[in-house]
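Only one structure is covered here, and it is reproduced in the block below.
The values are calculated or read from the model by the stated rules, or taken from the named source; none is laboratory data. Please read all numbers here as calculations on a predicted model, not as lab measurements. Because the Cβ atoms are built from the backbone with ideal geometry, glycine has one as well, and the counts that use them run over all protein chains shown. Protein only, heavy atoms only, side chains kept; ligands, DNA and RNA dropped before computing areas. Shrake-Rupley method; radii C 1.70, N 1.55, O 1.52, S 1.80 Å.
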Amino acid sequence: MTARRILPLPRPQRPALEILGVRTETRLELPLYLATVAAGFPSPADDYIDQSLDLNEHCIAHPAATFFVRVHGDSMRDAGVHDGDLLVVDRALEPVSGRIVIAALDGELTVKRIKKTPDALYLLPENPDYVPIRVEPDSSFEVWGVVAYVIHKV
C-alpha cells in the first residue's frame, strides 16, 4: 500500500483592487443640513435641513464612464486612500500629472499618483514603505480612470 500525500491548496490571493459597477438609476436622497460642521472648536448648530442630496448626483459627473473600486493595501495611505476604501473612478477625466489614477501595468491593477516627466512616466505610491514605479516603454500600460472621490468608513 502506498501512502498518498495530500498537497495543500494554494491560498487564494486577494486582488489589489476590486472593480464594482455603478447603478445610477436608483436615487437615494438624504437630508443635507445647511449648517457646516466645525472640525475645530464646536459651533452652535443650526438644526434645520436645507435640501436633500443624492450622492449619485454629487459624486458621479459622468455615469457612463464611472465605476467603483475597492482598495486592498496601504500604498496610498498618505493620500487618504486606505485599505477597504471605495474609490469613485471617472474614465472621462484626463489623467494629468499629479492625479490619482487606476492603472493596469503588465496585467495588474494598481492605484497610484501618476507623474509625467519629459523623459518618463511614473506611478507614485503615497507611503514611504513603497517605491515609485517607472513605467518602461515596453510595459503593457493603460490608465483605466482618474479617482474622483474616496469613500471610507470612519
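Those residues that are touching a residue at least 12 places away in the same chain (Cβ under 8 Å), in a loop (DSSP other than H, G, I, E, B) and open to solvent by 30 Å² or more (accessible area, probe 1.4 Å), I need them from region 118-127; list them, please.
Glu126
Does Arg134 meet the test of being over 28 Å from Arg27 (Cβ atoms), modelled with pLDDT of 95 or more and under 16 Å from the mean Cα position of the chain (by Cα)?
For Arg134, the condition - over 28 Å from Arg27 (Cβ atoms), modelled with pLDDT of 95 or more and under 16 Å from the mean Cα position of the chain (by Cα) - is not met.
Keeping to region 88-111, report how many residues are touching an Asp or Glu at 6+ places or on another chain (Cβ under 6 Å) and open to solvent by 30 Å² or more (accessible area, probe 1.4 Å).
Qualifying residue count, region 88-111: 0.
Kindly provide the set of residues from region 71-87 that are open to solvent by less than 40 Å² (accessible area, probe 1.4 Å) and more than 16 Å from Tyr149 (Cα to Cα), ordered by number.
Gly73, Ser75
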